[in-house]
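Notes follow the structure.
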Amino acid sequence: MKNYAFVLFLLLEGAALALVFNHNSYQKSKYLNSSNRITGNIYQTYNSVVDYFHLNRINKELSEENAWLRSRVENITGIPVVNDSLVVTLESADSTYSFISAKIINNSVNKPFNYFTLNKGRNNGIKPDQGVVTGKGIVGVVTHVSDSYAVGLSVLNSRWSISAMHKKSGNYGSLIWRGNDYRTADLTEIPLHVDISPGDSIITSGYSSVFPEGVMIGTIQDFSRPDGENYFNISVQLSTDFKALSYVEVIENQDKPEIKELENIIRDDPMAN
Amino acid sequence: MIRWLIKYVVIFVVLVLIQVLFLNQMQISGYLNPYIYILFVMLLPLSAPRYIVLLSGFLIGLTVDIFSNSLGLHAAATVFIAYIRPFVIRSISDREEEINDYPGLKQNKFSWFLYYSAVMVFFHHFILFYLEIFSFTQFFSTLLRVVLSSLLSVFVIVLSQFLIFRE
């Protein structure tokens, strides 16, 4: 067998390319992502060491967020806030969300498709499709969970877009990251008649069950009116500093099973399509 | 044989850890992503059977993929350079020149090792970055990423030869 090396090369290369191009294989893969026990443990150990160097900044951020939350709680009356040190439940008129605190133990900002790893998993109540936020703004969405770790798509990943809203006018658009700069993303589908100006806030719309309405995304940095199109080209400065992520909150929409169930009824209904 | 095996297992683990815990965390810019774990494929003895070289390329690529959530990308790029390794070595070596069985820096001429790493790194990065973006719309910016990252990777690989992988 003189050509066995070439045959083996074709087999291995074929297997690798099948993994790359079959997106479902990533979605379905249980172990071939960084939420598995071995990689999770390695990242966790590494993170517990390097974190000492960031404690100052993390403390400052947490205390700022605390102060901000306290000022909000003081201003809101009649909404019960249950705090059992782990899960804070905030019941708003429309949906019930609970927040699970977690820590990012691995993250990247410099690739076309960025992912993060969390130090909590199924045993802590984390499930796929839950949103991830910090006090400053949105971070991403959970895609894979193992018993003690989870992996998610960061906003800095052009494989998904986020339903976003121009706060002042209430117009919806979708936010997508183009893969260049970790500080900015593009907002599309805001019609030309809307009155926008640099510095306007962009928040989540609440149209998806991943994020509650009103989570900060960023502010308008720059915009242009492309010729012959009905929508603005808006560049948004992201409020989350993706290079310095540590503690985050994972959002669980407790009405999600019900919403999903209703949506499935419509999807399965032959009359609706 | 066992000593040889243990040595390469240690190199495998060390390279993967340096890659995922140090180099992948640097996040300098999208244009500078050094990948030095391919040193594992580069440093296998020249007498190693080709199936060993191909399989270890696949294995270390897949391991880095799992850590970086990029299923298959690194495996594809590394299997390719594992396959072309003998041709690269043949084409950059003089016929009279005796190449040491261990293709490290100490065992060979500096210029030889520099060519060797440059060619291997460039092919690896070229496949990796174009496969990752999978479009030619950003052809030149991707090419710039390939070139700049390759320069940094070659620098780190040559440096590593002075620091750790000396024997």
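Laid out as a table, the results:
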{"read-out": "Tally of residues being without any contact (Cβ under 8 Å) to a residue 40 or more places away in the chain, surrounded by fewer than 22 Cβ atoms within 10 Å (Cβ to Cβ), more than 7 Å from chain A (Cβ to nearest Cβ) and of a type outside the set (A, V, I, L, M, F, W, C) across region B:41-85", "value": "1"}
{"read-out": "Selected residue (only one of A:L245, A:L175 is in contact with a Phe, Trp or Tyr (Cβ under 8 Å, 6 or more places away or on another chain) and either surrounded by 13 or more Cβ atoms within 10 Å (Cβ to Cβ) or more than 14 Å from chain B (Cβ to nearest Cβ) (or both))", "value": "A:L245"}
{"read-out": "Pick from region B:1-40, criterion among the polar types (S, T, N, Q) and free of Cβ contacts under 8 Å to residues at least 60 places away in the same chain, ranking: nearest to B:I60 (Cα to Cα)", "value": "B:Q19"}
{"read-out": "Within region A:1-114, strands (runs of 3 or more DSSP E) holding 1 or more residues that are at pLDDT 90 or above and either surrounded by 17 or more Cβ atoms within 10 Å (Cβ to Cβ) or away from every other protein chain (no Cβ under 14 Å) (or both)", "value": "A:96-107"}
{"read-out": "Some residue of region A:184-196 being within 21 Å of A:K243 (Cα to Cα), acidic (D, E) and within 14 Å of chain B (Cβ to nearest Cβ)", "value": "no"}
{"read-out": "Residue match in region A:137-151 (condition: within 12 Å of chain B (Cβ to nearest Cβ), at pLDDT below 90 and in contact with a Gly (Cβ under 9 Å, 6 or more places away or on another chain))", "value": "no"}
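The values are calculated or read from the model by the stated rules, or taken from the named source; none is laboratory data. These numbers were taken from a predicted model, which means no experiment stands behind them. Every residue, glycine among them, receives a Cβ derived from its backbone with ideal geometry; neighbour counts consider all protein chains shown.
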